[in-house]
Amino acid sequence: MIKAVIFDMDGLIIDSQPYWQDAQLEVLPKVGVTITRQDTIDTTGMRIDHIVEACYRQSPWKEPSRGEVCRQILDRVTELVRQHKPAMPGLEHAIAICRQLNLRLAIASSSPTRLIDATVDALNLHGVFETQSSGESLIHAKPHPEVYLNACDALGLSPPQCVAFEDSFVGLLAAKAASMKAIIIPESNAADDKRFVIADHQLSSLEELTTELLQTI
């Protein structure tokens, strides 16, 4: 029986994926990286330091450091999140459904703790999530299950007692690798991705979540 729901953050709680894309398109060309919006879409769900590292291997630059490039991108995304507060459609509904079933809530995100905190602040979600797990300093990023396993550990629950809400295939792989149930809610332009067949359910929005679904998953 499911006892907790663990939310991914970017693209699931908050519509920040366009901000990650915009920030990469602003910052990376300044160090000589040729990048398109489709390139940024293709790396959805990856940790930003891994994206920057891949860009560096393809087009090395001297200055600034890769860490500084990551910081510039994160600063820009954080600024945009605080400014626009773009909660995903159905977020309040999904939280209410989970609370109705007395399910515990957590976040497991590849994003740095600073952005998780900024998101919680911007959307006034204080007290909603019992624990917040960041993949920022982990050796292994999604699709490795470590960030989800850490969230389960923080809740004191086994992975099969938890269901993950994800928007990307990378995140979905991480949840399934952790032996969790998983509900995928992808962007509309990715909804037909056949790889999502490994999810336990697919929704077009958090607005479609029901008590019946969570009780039978």
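Observations
- Some residue of the range 13-24 being on the phi > 0 side of the Ramachandran plot and not in a helix (DSSP H, G or I): no
- Per the listing Asp121, Asp22, Asp49, the residue uniquely in contact with a helix residue (DSSP H, G or I) (Cβ under 6 Å, 6 or more places away or on another chain) and closer than 22 Å to Met9 by Cβ is Asp49.
- Flag for Leu115 being buried (at least 19 other Cβ atoms within 10 Å of the Cβ), in contact with a Leu (Cβ under 7 Å, 6 or more places away or on another chain) and either aliphatic (A, V, I, L, M) or over 16 Å from Gly11 (Cα atoms) (or both): yes
Let's see how each residue does on (1) among the hydroxyl-bearing types (Ser, Thr, Tyr); (2) within 18 Å of Ser205 (Cα to Cα); (3) out of contact with any helix residue (DSSP H, G or I) (no Cβ under 7 Å at 6 or more places or on another chain):
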{"site": "Ser16", "(1), (2), (3)": "yes, yes, no"}
{"site": "Glu26", "(1), (2), (3)": "no, no, no"}
{"site": "Gly32", "(1), (2), (3)": "no, no, yes"}
{"site": "Glu63", "(1), (2), (3)": "no, no, yes"}
{"site": "Leu101", "(1), (2), (3)": "no, no, no"}
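- Unmet requirement for Leu203, which otherwise passes all of (1) under 18 Å from the mean Cα position of the chain (by Cα); (2) farther than 15 Å from Ile13 by Cβ; (3) without any contact (Cβ under 8 Å) to a residue 24 or more places away in the chain: (2)
- Subset tally (residues that are part of a helix (DSSP H, G or I) and surrounded by 12 or more Cβ atoms within 10 Å (Cβ to Cβ)) for the range 28-51: 10
- Conditions (1) closer than 30 Å to Ala164 by Cα; (2) open to solvent by 20 Å² or more (accessible area, probe 1.4 Å); number of the one not met by Asp8: (2)
- All of (1) open to solvent by 50 Å² or more (accessible area, probe 1.4 Å); (2) of a type in the set (Asp, Glu); (3) closer than 21 Å to Ser204 by Cβ hold for Glu130 with one exception: (3).
- Total residues in the range 6-47, condition in contact (Cβ under 8 Å) with a residue 40 or more places away in the chain and either within 24 Å of His140 (Cα to Cα) or over 12 Å from the mean Cα position of the chain (by Cα) (or both): 23
- For the range 187-217, the tally of residues that are under 20 Å from His93 (Cβ atoms), open to solvent by less than 50 Å² (accessible area, probe 1.4 Å) and modelled with pLDDT under 95 stands at 2.
Yes or no, residue by residue, for (1) surrounded by 19 or more Cβ atoms within 10 Å (Cβ to Cβ); (2) not aliphatic (A, V, I, L, M); (3) not in a helix (DSSP H, G or I):
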position	(1), (2), (3)
Glu26	no, yes, no
Glu53	no, yes, no
Trp61	no, yes, yes
Glu68	no, yes, no
Leu74	yes, no, no
Gln83	no, yes, no
Ile95	yes, no, no
Cys98	yes, yes, no
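- Hey, Gln161 open to solvent by 30 Å² or more (accessible area, probe 1.4 Å) and in contact with a Lys or Arg (Cβ under 7 Å, 6 or more places away or on another chain) or not: yes
- Selection count, the range 17-67, where residues are within 18 Å of Ser110 (Cα to Cα) and of a type in the set (S, T, N, Q): 6
The values are calculated or read from the model by the stated rules, or taken from the named source; none is laboratory data. Computed from a prediction, not measured in an experiment: that's the story for all the values here. Ideal geometry is used to build each Cβ from the backbone, glycine not excepted, and the neighbour counts take in all protein chains shown. Side chains included, ligands, DNA and RNA excluded: accessible areas come from the protein's heavy atoms. Shrake-Rupley method; radii C 1.70, N 1.55, O 1.52, S 1.80 Å.
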